[in-house]
Amino acid sequence: MDVTPTNDADLLEKVINLAKRRGFIFQSADIYGGFRSTYDYGPLGVNMLRNVKHQWWKTMVQMRHDVVGLDAAILSPPAVWAASGHLETFTDPLVDCLKCHGRFREDKIDGVCPSCGSTQFTESRAFNLMFKTQAGPVEGDGATAYLRPETAQGMFTNFNNVLTTSRKKPPFGIAQVGKSFRNEITPQNFVFRTREFEQMELEFFVPPTEADEWYRYWIEQRFNWYLDLGIRPEYLQLHEHAKEDLSHYSRGTTDVEYRYPWGWDELEGIANRGDYDLTQHSNASGVKLEYYDQAANERYTPYVIEPAAGATRAMMAFLLDAYHEDEVEGEVRSVLRLDWRLAPYQVAVLPLSKKPELEGVSEQVLALLQPHFSCDYDITQSIGRRYRRQDEVGTPFCITVDFDSLEDHAVTVRDRDTTLQTRVPIASLLADLRARTNQA
Ligand code: ATP
């Protein structure tokens, strides 16, 4: 029986709590009191975050012949951000509350101070979200550098490099996963909005006449990616931006939204950026960023369709969506019903007791499975407790090695969601787990 909390505030609290308690996500520098809005990913969190990024890369790069990858620098010179428009327009409207002096994003507060309820604010001013720093020992304009606020510009500035080295032609894409930095005025909701985060972005270059078709195509692909990885359909929706709300570069933007505990909010944005970026960088650098179509003997600037997702934000949505409480044998258990591809551990090997014979067989089982699955090994406390601990962090399969295993060379496989237990010979264990995870 499902007894998952229906009160949204409780759900958020429980997931944040679980994430800290079980080593998914820690407050950064917490021995110094923490550093606001920065987080460290612990042993389970790093596994899960890597899985999220790996699934994205697999779908967007590995499984396609029309997308190649890139890993560009995080530090970049002001010229890049002048051309992209970020120096001038990558700003949020900042206001100060006249009563409590709290600082807020004007567009997020509906005229009422979230701290003290006052409606008196300073005039709003444009606050640039980029982190500015110095590269090298000399101060001054020549040494100014910015931490990238998005990964996209690296794909545009490398357009010619990738085009000539990969011999791709439009429609084709360049994909990148990596850190981005924004000096957010109001970071909030755990890792939903942080100052340092990870993005997964694709810049897909197309002939201008095909832009709309590809824009629709990518909206559908990206929506389905979340469904395929287990997000409940009723918690996912598309939201197309009205023309007057579009960013300076966009000809059309649609967000994939998730129903977070605080309401519908962005998970990913898919934008038709037209030829804005390549044209801006061509003009600013003096290097033409175009495609020469030999067959048609024609030169053109491709349009760009950009699906831009957050890896850390997606991980949070996957955690929230997977969190459930149900009753097993009269006891409430919390369970993360994560897709096996995202789970921090896919298999846990549990010797029933600490007897050396059992540990010996367990280590053989572990060695058999480790090349194929991310495995945990747990020998402490009762088997019931250990099952609960694995359920709570979303491990889909527990393998128990007991005294019978010494005789029948078989183990018990327990399924996280059904809690059903099946006896499986060690010799066919790998095949059994592959079948359970739909792998040939
Ligand atoms: P928002 O309106 O939520 O601030 P945005 O529209 O500015 O986001 P984009 O510039 O479209 O975001 O970035 C693409 C994706 O990167 C977002 O959909 C989100 O998943 C992620 N992202 C953006 N800013 C942050 C942040 N501060 N913390 C975590 N993830 C972020």
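Worth pointing out:
- Percent accessible area from carbon and sulfur atoms, the chain, protein chains only, probe 1.4 Å: 49 percent
- What the Cβ-Cβ distance of Q381 and F35 gives, at R0 = 41 Å and to the nearest 0.05, is a FRET efficiency of 0.75.
- Segment 76-105 residues near the modelled C116 label - backbone nitrogen below 18 Å, point 7 Å along Cα→Cβ: 95-105
- For F121, nonlocal amide neighbours, meaning residues 5 or more places apart or on other chains whose placed amide H falls under 5 Å from its own, are L98.
- Mean projected area in nm² (Cα convex hull; one quarter of hull surface) for segment 1-102: 13.2 nm²
- Positive end of the dipole of the chain (Cβ unit charges, origin at the Cα centre): among P356, W56, N189, the Cα lying farthest that way belongs to P356.
- Karplus-based coupling profile of segment 263-270, in residue order and whole Hz: x, 5, 8, 5, 10, 7, x, 10, with θ = phi - 60° in 6.51 cos²θ - 1.76 cosθ + 1.60 and x standing for Gly or Pro.
- With distances taken between every two different alpha-carbon atoms, segment 124-223 has a Kirkwood hydrodynamic radius of 16.4 Å.
- Each Cα pair under 8 Å and six or more residues apart adds its separation to the average, and for segment 248-295 the resulting relative contact order is 31 percent.
- Computed about its Cα centre, the charge dipole of the chain is approximately 860 debye, with only Lys, Arg, Asp and Glu carrying charge at their Cβ.
- GNM result for the chain, Cα springs below 10 Å: residue of V365, V112, V424 fluctuating most strongly: V112
- Partnerless cysteines in the chain, where a partner means another cysteine C-beta under 4.7 angstrom, comprise C375, C398.
- Among I426, I31, I383, the residue with the largest mean-square fluctuation in a Gaussian network model of the chain, with springs joining Cα atoms closer than 10 Å, is I31.
- The share of Cα pairs per 20 Å bin across the chain, counted from zero up to the longest distance, runs 22, 49, 26, 4 percent.
- Förster radius 56 Å - calculated FRET efficiency between K99 and R341, Cβ distance, rounded to 0.05: 0.70
- Links that overshoot a 23 Å alpha carbon limit, given the list K14/K99; K20/K108; K243/K288; K168/K288: K14/K99; K20/K108; K243/K288
- For segment 345-436, the Stokes-Einstein estimate of translational diffusion at 4 °C and a viscosity of 1.567 mPa s comes to 101 µm²/s, using the Kirkwood hydrodynamic radius over alpha-carbon pairs.
- Heavy atoms of the protein chains alone define the surface here; on that basis the chain has 48 Å² accessible area per residue at 1.4 Å probe size.
- Only protein heavy atoms count here; under a 1.4 Å probe, F26 has an accessible surface of about 80 Å².
- 14 Å beta-carbon shell around A242, net charge (K/R +1, D/E -1): -2
The values are calculated or read from the model by the stated rules, or taken from the named source; none is laboratory data. Source: prediction; values computed, not measured. Every residue, glycine as well, gets a Cβ built from its backbone with ideal geometry; the counts of neighbours run over all protein chains shown. Quick note on the areas: whole protein, heavy atoms, side chains included, nothing else; ligands and nucleic acids left out. Shrake-Rupley method; radii C 1.70, N 1.55, O 1.52, S 1.80 Å.
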